[in-house]
Amino acid sequence: MNMSHFDGFKRADVYAFGLVLWEIARRCNVGGIYEEFQLPFYDLVPSDPTIEEMRKVVCIDKQRPSIPNKWQSCEPLRNVAQIMKECWYANAAARLTALRIKKTLTNLSAFDREKV
């Protein structure tokens, strides 16, 4: 990441926002099942990973948190999972912008209200 350009920080924040969405989505009720709390990459690194361990998993191996198949059966989680994936693109320039995320979530919220 180029520390002299602010865009790099914004793109890193978008990646981190995708991780926050993943943590929230894991705790949602899908078919009466709640998953227990886990940190992202819990299955790939120790419970207190070093920066180098995280760098290897995320930057070198290009791993991303797993998205459970059951999320596909729930329309809101399926849509949020798509946003997560677009926040986690390896090419930071291809990641969603914060404005695009806001508009997408607003549209999803409006669509959900219309269905009620």
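The values are calculated or read from the model by the stated rules, or taken from the named source; none is laboratory data. Since the model is a prediction, treat every value here as computed from it, not as a measurement. Quick reminder, even Gly has a Cβ in these numbers, built from the backbone with ideal geometry, and neighbours come from all protein chains shown. Areas reflect the complete protein model, heavy atoms only, side chains present, ligands, DNA and RNA absent. Shrake-Rupley method; radii C 1.70, N 1.55, O 1.52, S 1.80 Å.
Within the set of pairs 6 or more residues apart or between chains, which connect a residue that is on the phi > 0 side of the Ramachandran plot inside segment 6-17 to a residue that is open to solvent by less than 80 Å² (accessible area, probe 1.4 Å) with Cβ atoms less than 9 Å apart?
As it stands, the answer is none, since no pair meets every condition given.
I'm told Ala90 meets every condition in (1) touching a helix residue (DSSP H, G or I) at 6+ places or on another chain (Cβ under 6 Å); (2) aliphatic (A, V, I, L, M); (3) part of a loop (DSSP other than H, G, I, E, B) except one. Can you identify the failing condition by its number?
(1)
Restricting segment 70-114 to residues that are aromatic (Phe, Trp, Tyr) and without any contact (Cβ under 8 Å) to a residue 60 or more places away in the chain, which is least open to solvent (accessible area, probe 1.4 Å)?
Residues of segment 70-114 that are aromatic (Phe, Trp, Tyr), as a first pass: 71, 88-89, 111.
Subsequent filtering for residues that are without any contact (Cβ under 8 Å) to a residue 60 or more places away in the chain retains 71, 89, 111.
On the way: Trp71: 2, Tyr89: 94, Phe111: 95 Å².
Of everything passing the filter in segment 70-114, Trp71 is least open to solvent (accessible area, probe 1.4 Å).
Taking into account only those residues within segment 27-45 that are open to solvent by 90 Å² or more (accessible area, probe 1.4 Å), aromatic (Phe, Trp, Tyr) and within 16 Å of Pro65 (Cβ to Cβ), which is modelled with the highest pLDDT?
So, considering only residues that are open to solvent by 90 Å² or more (accessible area, probe 1.4 Å), aromatic (Phe, Trp, Tyr) and within 16 Å of Pro65 (Cβ to Cβ), the one modelled with the highest pLDDT is Tyr42.
Working only within segment 53-87, note down all residues that are within 14 Å of the chain's Cα centre (by Cα), more than 25 Å from His5 (Cβ to Cβ) and assigned to a loop (DSSP other than H, G, I, E, B).
Gln63, Pro65, Ser66, Ile67, Pro68
Mind checking which residues of segment 50-69 are farther than 14 Å from Trp22 by Cβ and either open to solvent by 40 Å² or more (accessible area, probe 1.4 Å) or small (Gly, Ala, Ser) (or both)?
If the condition is that a residue be farther than 14 Å from Trp22 by Cβ and either open to solvent by 40 Å² or more (accessible area, probe 1.4 Å) or small (Gly, Ala, Ser) (or both), then Thr50, Ile51, Glu52, Glu53, Met54, Arg55, Lys56, Cys59, Ile60, Asp61, Lys62, Asn69 are the ones that fit.
Across segment 1-26, which residue is nearest to the chain's Cα centre (by Cα) among those that are aliphatic (A, V, I, L, M) and open to solvent by 60 Å² or more (accessible area, probe 1.4 Å)?
Within segment 1-26, the subset aliphatic (A, V, I, L, M) is 1, 3, 12, 14, 16, 19-21, 24-25.
In the following step, the residues that additionally are open to solvent by 60 Å² or more (accessible area, probe 1.4 Å) were identified as 1, 3, 20, 24.
Values: Met1: 19, Met3: 23, Val20: 6, Ile24: 9 Å.
Ranking the candidates gives Val20 first.
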